[in-house]
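First comes the structure, then the notes that go with it.
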Amino acid sequence: MIQEQTEPTQHSDTCTRVFKNYDMACPRCQELAQGSKAREGWQKSYYENKKRNEAVWYAHLKSQHCEHGVENTNPGGYCIICGKGVDFS
């Protein structure tokens, strides 16, 4: 039975791994060679947060603007068709 570790195993300071050419003297490379799942990169949480923030922002704009929609809003927050918008000053 494989137990979940709270602290992931780290590559050793002398690890010579290059992509899937594992250094079998390194404990993390040994785990990866045995089929352990690779850790997720920093990009996943960055893009999830970015998507969530954009959704909140567009929902806010949509609630504050006219019937022309968010896609017709310029970066200043005003509708490019009728000129209605939110004064952020």
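A few points about this structure:
- Residues of segment 24-60 classified as part of a helix (DSSP H, G or I) and either within 30 Å of Thr73 (Cα to Cα) or among the acidic types (Asp, Glu) (or both), total: 19
- The one condition in (1) surrounded by 10 or more Cβ atoms within 10 Å (Cβ to Cβ); (2) modelled with pLDDT of 80 or more that Leu61 fails to fulfil: (2)
- Filtered by the rule that a residue be out of contact with any strand residue (DSSP E or B) (no Cβ under 8 Å at 6 or more places or on another chain) and touching a residue at least 12 places away in the same chain (Cβ under 8 Å), segment 33-63 gives Arg39, Tyr58.
- Condition check for Tyr22: at pLDDT 80 or above, of a type in the set (Phe, Trp, Tyr) and surrounded by fewer than 11 Cβ atoms within 10 Å (Cβ to Cβ): no
- When Gly41, Gly76, Gly35 are checked against the criterion of being loosely packed, with under 13 Cβ neighbours inside 10 Å, out of contact with any Phe, Trp or Tyr (no Cβ under 6 Å at 6 or more places or on another chain) and at positive phi, Gly35 stands alone in meeting it.
The values are calculated or read from the model by the stated rules, or taken from the named source; none is laboratory data. Nothing here was measured: the structure is a model prediction, and the numbers come from that model. We place every Cβ from the backbone using ideal geometry, glycine too, and count neighbours over all the protein chains shown.
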